[in-house]
1. Amide H of Phe281: which non-local residues (sequence gap of 5 or more, or other chain) have their own amide H closer than 5 Å, using H built in the peptide plane?
2. Pull out a ≥ b ≥ c, the square roots of the eigenvalues of the alpha-carbon gyration tensor of segment 193-315, then state rounded if a/c is under 1.5, prolate if not and a/b is larger than b/c, and oblate in the remaining case.
3. Evaluate the distance, in nm, between pseudo-label points positioned 7 Å from the Cα of Met1 and of Gln324 along their respective Cα→Cβ axes.
4. Got a sec to turn the phi values of segment 250-265 into Karplus ³J(HN,Hα) couplings, 6.51 cos²θ - 1.76 cosθ + 1.60 with θ = phi - 60°, whole Hz, x for Gly and Pro?
5. Give me the accessible area of His81, 1.4 Å probe, in Å² rounded to the nearest 10.
6. Taking the alpha-carbon distance from Lys262 and a cut-off under 28 Å, which lysines remain once sequence neighbours fewer than 8 residues away in the same chain are dropped?
7. Using a Gaussian network model of the chain whose springs link C-alpha atoms within less than 10 Å, name the residue from Pro126, Pro211, Pro113 with the highest mean-square fluctuation.
8. Suppose R0 equals 22 Å. What FRET efficiency, 1/(1 + (r/R0)^6) with r the Cβ-Cβ distance, do Ala74 and Gln299 give to the nearest 0.05?
Amino acid sequence: MATTGGVISSTGVGGLTLGGGIGWLVGKHGMSIDNLKGASIVTASGEIVRTNEASHPDLFWAIRGGGGNFGVAASLEFELHKVSNVLAGYFMYPVEDARTVLEFYREFTSTAPQELGLYFEISFEPESASRVVALGFFWPDSAEHGLRLAEKIRAFKEPIAEEINVMPYADWQTAFDEQFPSGRRYYWKSSMLTDIEAPVIDTIVDFGSEPPLHLSSMVVEWYRGAMNDVDPAATAFEGRDAQYQVIAVGAWEEESNDDVGKEWARTANTQIEPHSISASFLNFNSVEGGNRIRRQYGQNWDRLVDVKRRYDPDNVFRVNNNIQPG
């Protein structure tokens, strides 16, 4: 049994869920917030509030995408789904083929089944000490069907390496853990899009192929299916029309590189943002200023402010992507 749980096994369930929560199961089962059935929230006054669709429904609506603005999530209750073995792995290509692979990725995902998970990445490969392009592949249903999809990717261009296997879902959830070790310094910026236009492809390839800090990467996630089928007003997370998210993943080891890493991520996202939808996914964005926060929530903003005013009028919970009470 499982529910949508991010892409790194060490991701904290509280932050993941309150911010929205994506993962390999979004196409089939939706976001983490779409599977949240209830929560116990400790409010700024110290009250423990049990919230769900029937009890404090306004708070339940707000915590599904509104982040930690309304209290501390002391417990979360999720709907689970039967998920046994999955077909998953990767295809790897030389960085020189980044543009060709990304253009194929855009075309392939425009007609691929919604159950499929497929991520694009330009990153540093430690074994060869070189930059590579990878497609992360995930299929949760019949292995036979998944193998046919994998063969279509393989037929597009022979990879320099690949590994596609049947495995327990929980094992696949650890596949990228080594790429994001605890203690490394990170700074991320992202934008959600309905399409990957030519200028966006240019930015992804340019910034991913030669970043100033070699551990940094450019990632594209594809969204579809159950995530997109939810009304934007049904939860605080408004970006339900997003098909892709482009993430500038700044990563480095030394504190002395902080300014370089941050500037790289900010500049990449600045070039992509004009092609994005108004909403953004703040789980993948370091703390933002007020105007961007407001744009993120679009039509849901005024309602979020009302809930904030009711449950945290003094803005106790403010060290976050903050929704101010007034």
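The values are calculated or read from the model by the stated rules, or taken from the named source; none is laboratory data. Everything numeric here is computed off the predicted structure, so don't read it as measured data. As a convention, Cβ positions derive from the backbone with ideal geometry for all residues, glycine included, and neighbour counts pool all protein chains shown. Surface accessibility is based on the protein's heavy atoms, side chains included, excluding ligands, DNA and RNA. Shrake-Rupley method; radii C 1.70, N 1.55, O 1.52, S 1.80 Å.
1. Met192
2. Details: a/c = 2.59, a/b = 1.44, b/c = 1.80.
It is oblate, given that a/c is not under 1.5 and a/b is not larger than b/c.
3. The answer from the label model is 4.4 nm.
4. Taking θ as phi minus 60°, the curve returns x, 8, 6, 9, 9, 4, 5, 9, 4, 5, 5, x, 5, 5, 4, 5 Hz for segment 250-265.
5. Taking all protein chains as shown, His81 has close to 30 Å².
6. Cα-Cα hits under 28 Å: Lys189.
7. Comparing Pro126, Pro211, Pro113 in a Gaussian network model of the chain, the most mobile one is Pro126.
8. Details: r = 30 Å, r/R0 = 1.35.
Once the sixth-power term is evaluated, E becomes 0.15.
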